[in-house]
Structure formats: C-alpha cells, structure tokens
1. Taking 30 Å as R0, compute the FRET efficiency from the Cβ-Cβ separation of residue 54 and residue 329 and round it to 0.05.
2. Order 274-280, 255-261, 64-70, 135-141 from most to least packed using the mean count of other Cβ atoms within 10 Å.
3. Provide the packing ranking of 223-235, 49-61, i.e. peptides ordered by the mean count of other C-beta atoms within 10 Å per residue, highest first.
4. For region 230-342, taking Cα atoms only, what is the radius of gyration to one decimal and the Dmax to the nearest whole Å?
5. Hey, fewest Cβ within 10 Å first, where do 171, 71 land in order?
6. So what is the relative contact order of region 231-334, in percent, for Cα pairs below 8 Å that sit 6 or more residues apart?
7. How far apart, in nm, are two points set 7 Å out from the Cα along the Cα-to-Cβ line at residue 155 and at residue 256?
C-alpha cells in the first residue's frame, strides 16, 4: 500500500508531462484540411463570380442583372409579377443575404452607381415621379465581362450600403480588332396565355395604363461590341445595346402601343504610358415607359389627357490613373454620375377620382 501511494504522484506527473509535450508537438505540425473544408473556405473568400463564358451560356429572359442572378442562393429577386407582365423590361430589384433591395450596392468597374434619390416602388399606376429602382444603370448582360456579388466578408472599402455588393465589369478592348452583333426577340404569340382569377377581370383585359395585364407584346434586343487597338499604346471598346418592347393596350376603345425601351452605351479608352496606365470610361443608360391612367369609377376606362412618359436616366464617366513601381503601386479614381427620374404628362393639371 505504501509503495503504490508513492508511485501514484510520479505516474501523475509523467502523464501530465507527456500530455503537455504531445500538445506542443501537435500545435507545431500542420493541421490536415479536407477537400470539402477547403472548398468552403474558397467560396467564402470569393463570394460569387460569373465570368463572360457563363454569362453567355446562362439563359435569361430580359438580359439584365436580375435575370442573371436569380439562380444564386444568396440573391433574392422578386419575380411575382413577371408571369403577368411579360412585356416589361424593368429589371427586378435585388436583395442580397436577406437585406432590403435598396440596401444593395450597385457598382460598374468598382464605382458606385446607386440611385440614392428613391427607395420606393412604382408598381401601380399612381403616376409617381421616381422609378423606385436603386440601380442607376440598367446594364445589358451582353455587355458584361464579369459580375461579382459580395454577400459576406466584405472589405470596408465598399461603403454606402448595409446589404451586399453587385459589381459589373464591362467588356474591355482586346489587342486585335473584333466586332460582334447579336439580335434576339420574343413574341407573346409564341408563349402559352396565362390565366388569372375572375376578380382580376381576366388576362385579356388590357385597359390598365400601368401595364398590369400584358396579353400582347413583342420584345426586340440589339447588342453591339466593337473593340481593338487604335495605336501601339491605345485601345478602345464600344458597347451598345437597344431593347424595345411593344405593349398594345386598350385606350378608349382604341389599341395603342404603350411600350418600353432601354438604351445602353459604354465607351472605354485605355492608354499605356509604360509604368502608368490611364483608363477613361463613359456610360449612358436610358429607360422609357409609356403609360396612361384609368377611371376607377367608370369601369376603369382610360381617362383623356392622362398619357405619360416615365424616364430613368444615368449619365456618367470615370478616369482611372494607376502606376506600378518597385516601391509600390499608385491608383487614383475620379468618377461622376448624374442619375435622373423624370415624368412627362399630356396635361399640366390632372384630377382623378
């Protein structure tokens, strides 16, 4: 008994020493990492990146950001009315990681292009002035080189938002000259006719000025990309797109086209000055939607002198100067954007019941 009592403290001390020594050795060795864990870390670092090849091969309806990102798990897009408004060209608002849509930061080439003047929605025919969309430019996916979505682990350099970031990189000039033209169209006659409940008066009733029902429409999309080297140290890229949507609606018994259109023009000029690189970008986007108002006490008939045109305009430019030296890098960016929402009406004064 006495011998065992004397051995127990020694065995305990040896055990503690072995445990501490083993722990130190393990801490100094590299911890093995499973392939699945590595994939999760990589995804966490890069967030979402969609390059040109995937953009081209992804089927989208209106060739806009909302249609492109609708399949991403962390991106929310409200498509509840898309089946009823097949002629609409307005991109749906984007929600990232559960944040409100107006908390999304929209960027082109790393420059914020948010339309901060409005956070409201304009789905009804109230004739409000603002478009309600937080993106200042409705960029066509055919003009995009890459789309990045940051929904987590976002650097502090991205400010002015409380949700996620959507950054669009436009198609740049290549060393060799290239020209690419695309045309696509769709018509309501090619699709099955949707059905609605009786209280909605049926889908065939197209008398609503806000385009609530669009039984007939035709959409035509044109895109053009021209780029190449213009001198030994200069390159130029021109990206242009035109979208048209004809939406025939009944106005006082006469069918008229109350359609929509989107024009995009982006020009990029690159100048190589050895250690210095100068890039100039010009951007232009214009959305127009034509509507009219209805008389709620007269079986929703179109009201005279109620035609209106709503416009969402973006105009801006960026100058980037960057230099690469042995001691470090230099980068300066100057950017300006003028974002407007306008509404023109057939009458200066209008009263409705």
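Quick note: the coordinates plus some simple rules give every number you see, no bench work behind them. Not measured: the values here are computed from a predicted model. Cβ atoms come from the backbone with ideal geometry, glycine included; neighbour counts cover every protein chain shown.
1. Step by step, r from the Cβ atoms, then E = 0.50.
2. 135-141, 64-70, 255-261, 274-280
3. 223-235, 49-61
4. Cα only, region 230-342: 22.9, 76 Å (Rg, Dmax).
5. Result, fewest neighbours first: 71, 171.
6. Taking the mean separation of contacting Cα pairs over the length of region 231-334, I get 22 percent.
7. Calculated label separation equals 5.2 nm.
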